[in-house]
Structures are given as structure tokens and as C-alpha cells.
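Taken together, the values in this text are just the output of simple stated rules run on the coordinates, not laboratory data. Nothing here was measured: the structure is a model prediction, and the numbers come from that model. Ideal geometry is used to build each Cβ from the backbone, glycine not excepted, and the neighbour counts take in all protein chains shown.
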Amino acid sequence: MPISRFTSHFLRWALVPAAAIGLAGAANAQEFTIKIGHIASTADEDHKGALVFQDYVQSQTNGRVKVEIYPGGQLCGNFRQCLEAVQIGAIEITGTTVGGAANLLPELQVTDIPYMFPNDRVAEKVMKSPFMDKVRAAMLEKTGTLRLMGLNNTGGWRDFFTTDKQIKSPADMQGVKLRTIESELQVEMVKLMGGSPTPIPWQELYTSLATGVVVGNKNGITDIVNMKFHEFLRYVTLDHHAYMFLFWWMNDTALKSYPPEIQKVVIDGFHHMTTVANNDPKYTALSAYEEFRKAGGVVYVPTAEEKAQFVDSVKPLKKWFTDRYGMEWLEALEQAIADAEVEIAAEDARVLK
């Protein structure tokens, strides 16, 4: 992937503080510094997970590793810039949604095909399935430096939030200027429903809602409230069209430069990070919905008939995807989902035995 002018500039200035940190670290017996750069707010589950990673890695290495966290786009303003920074080693770790990673691995958009995941339990099984091993191998082969270290849910499910009218069916979507992530599949989805898709970076969405550049968004409730988007968004339709995966990427060269005992601590740190971040939205969503309603927000759950209309409207997306990327990735994900459902059925049977 070509490195942008932003990243070239970033590398030049980032190496100066990195060198300074290295000198200070030598005096304090610090051997390695791991920088985590992400675009989420400090109230976000991804940042909470990063804090757990920081505490675990620093404590378990007795200070040999220093972990620095830069939230809110301090080091990189959007997912693409964050991934580029990890690629060149200016930072070691970042987290992105599908929209960020799809610039490098467009096949990953398969996880955003609407209505694929029936519930959280299935999605959580898929996170640790051979399908994600396939993602890890493909991204490493494509980039040479980006290693998938773990996943978590980031904010719940993608639902439709709007400023001025409730979306109850695809007919209500006609002409609605809806913000999407930077993903061709997401753009095509909104088009199929009759909306007007508008890809906008996360850090620019508040202003875009305030000025009417867009009048809707596809996100989870915790992200909406954490970023104060509910100051403009008044309606949400809980159609749960996509599960919000957050992919954590690490610079492979940095990881492989650590001695084995530190590599082990880092891998364990990602486990603790993603466990916390994955479960946090399930609890914080309770207060987020309460705050949304207190601000005048209206929550709507589609009827079975309305949900069927949404599902029918986007059925062409599977063909759209396979026409571009073949059947391999779709079949791999469908197999992972089927395997997850079998595992869950067996777990339930043991409980009821």
C-alpha cells in the first residue's frame, strides 16, 4: 500500500519523541515502548480495553515494557492513517473497524454483509474461529507487517440513527443522507435501501450532523452517546443489520523483536484487552439508551414484517460481494457461523441435560 504524505510527515516527527522515550527508558530499565494509537474517545470500550492492556503488560514485565496510549485521534486522525502508522512502525498497535481494514483487505467486507449474524453468541464464536485465522494470514501476506492480534465488539450492533424521522422500512430510507464507514459494501447497502450514502471519517461526524451534511448514521448506541451525537440524532431503529467488530492490529516486526517471554505477555494482554472491551458495551448500553431517551430520543424495534423488508432489500449484496471477490470468503464466513451455531446448541444441551 502506498504511504500517504500524512504518514511520511508523521514518521519524521514521531521518531523524535520515540528516541527521547528510548533514552529515558534506558535510565529506568525500560527496554521496549509500545504505542497504542486509536480514534475512540476515552469513554469508549476500546480505550478501556487499552488501559487494561497497558496495566497488564507493564506490571507483568516489571517495567521492561512501557505502554503509551494516544486516544481520540491524537496520533492518527482516521483508521487509514492509524493503519499506515502501524505499517511503518511509527506506532505499534491500533484498532479499526471493517471500514478501516477494508482499504487493505477488501475481502474483509464480508463480515459487514447485513443480517449475517443472528446474535452476540454466534459473533463471539466467529471472533475466535478459523475464519479469523484466515483474515490474519491474508493481511500479513498483503502487508507484511500488520498482524491481527484479537477482536472485540465495539459499541454493540449497527442500527439506523436519524435526526428528523423514524426509519421503519426501506421506503423510509428514500433520499436520506446517511453516514457510512469507508467501505464499498456499506455504500452499496444504503443505495439498495434507497438512501444516499455518505462516507465520512469518524472524527468529522459530529460537525457533519450539526451542519446537515448527513442526517443519519449507522452505529451502536454507546458510540452515539459517547461522542454526543445524540445531541442531533433523535430516532433509532434497532434492526441490528451488522455486528460491530473491532480488529486490533500490531506491527509484526515489533512483536517479533521482543524476547519470547515478552511476546507471551503481550498476547495475554490482548486477551485481557478484548475480554473487557467486548463485554463493556453490553452494560454501558443500558445507561446509553437511558441518556438517549432523556435527550428526547425515540427507540423503535421493527416488526417481523418490517425486518423482512430490510433483509429482502439487501439480498443482492451477497452477489455484489462474490462478483468482486469470489465465493471463498463468503463460504468461509458462512461455515464459521454454522459451526458456531452447532457449538452453541451443544452448550445449551449440556446446560439442560
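Between Thr275 and Ala345, how high is the FRET efficiency from 1/(1 + (r/R0)^6) when r is the Cβ-Cβ distance and R₀ = 30 Å? Nearest 0.05.
Working: r = 24 Å, r/R0 = 0.79.
Taking R0 as 30 Å, the efficiency between Thr275 and Ala345 is 0.80.
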Spacing of the two label points (7 Å from each Cα toward its C-beta) at Asp164 and Lys353, in nm: 5.9
Around Leu146, which amide H atoms from residues at least 5 apart in sequence, or from another chain, sit under 5 Å from its own amide H, with H modelled in the peptide plane? Asp252
What are the ³J(HN,Hα) couplings of the stretch 266-277, residue after residue, when phi is run through the Karplus curve with 6.51, -1.76, 1.60 and θ = phi - 60°? Round to Hz, x for glycine and proline. 4, 4, 4, x, 5, 4, 5, 4, 6, 5, 5, 5
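Convex hull over the Cα atoms of the stretch 56-200, averaged projected area in nm²?
Working: hull surface 42.7 nm².
Across all orientations, the stretch 56-200 yields a mean hull projection of 10.7 nm².
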In whole angstrom, how far apart do the alpha carbon centroids of the stretch 268-306 and the stretch 36-113 sit? 21
Under 17 Å Cα-Cα from Lys48, which aspartates and glutamates qualify once same-chain neighbours fewer than 8 residues away are excluded? Glu68, Asp223, Asp268, Asp280
Only bridges whose two residues both fall in the chain count here: according to DSSP, what percent of them are antiparallel, nearest 5? 55
Label Lys228 and Lys264 with points 7 Å out from Cα along Cα→Cβ: what is the distance between them in nm? 4.7
With Lys66 itself left out, Lys, Arg at +1 and Asp, Glu at -1 over residues whose Cβ is under 13 Å from its Cβ give -2
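Please give me the summed charge of the neighbours of His241: other residues whose Cβ is under 10 Å from its Cβ, Lys and Arg +1, Asp and Glu -1.
Numbers: positive: Arg158, Lys218, Lys307; negative: Asp112, Asp159, Asp239.
Neighbour charge sum, excluding His241 itself: 0.
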Amide H neighbours of Leu238 under 5 Å, counting only residues 5+ apart in sequence or on other chains, H built in-plane at 1.01 Å? Tyr300, Val301
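What length, rounded to one decimal in nm, is gained on full extension from Asn62 through to Tyr115, with 0.36 nm per residue of separation minus their alpha-carbon distance?
On the way: separation 53, 0.36 × 53 = 19.08 nm, distance 4.54 nm.
Between Asn62 and Tyr115, full extension yields an extra 14.5 nm.
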When the chain is fully extended, how far beyond the present Cα-Cα distance does Lys294 get from Lys282, taking 0.36 nm per residue of separation? 2.4 nm
Karplus-derived 3J(HN,Hα) from phi for the stretch 283-299 (6.51 cos²θ - 1.76 cosθ + 1.60, θ = phi - 60°), whole Hz, x at Gly and Pro, runs 8, 5, 4, 4, 6, 5, 5, 4, 5, 4, 5, 4, 7, x, x, 10, 9
Provide, as a two-decimal number, the C-alpha radius of gyration of the chain over 2.2 N^0.38 Å, N being how many residues it has. 1.01
So which lysines can Lys318 reach, going by Cα to Cα under 16 Å and dropping same-chain residues fewer than 8 places off? Lys191
³J(HN,Hα), Karplus 6.51/-1.76/1.60, whole Hz, each residue of the stretch 47-56, x for Gly, Pro: 5, 4, x, 4, 5, 5, 4, 4, 5, 5
Can you give me the distance in nm between label points at Asp323 and Val213, each placed 7 Å from the Cα along the Cα-to-Cβ direction? 3.0
Over the chain, what is the relative contact order in whole percent, taking alpha-carbon pairs under 8 Å and six or more residues apart? 23
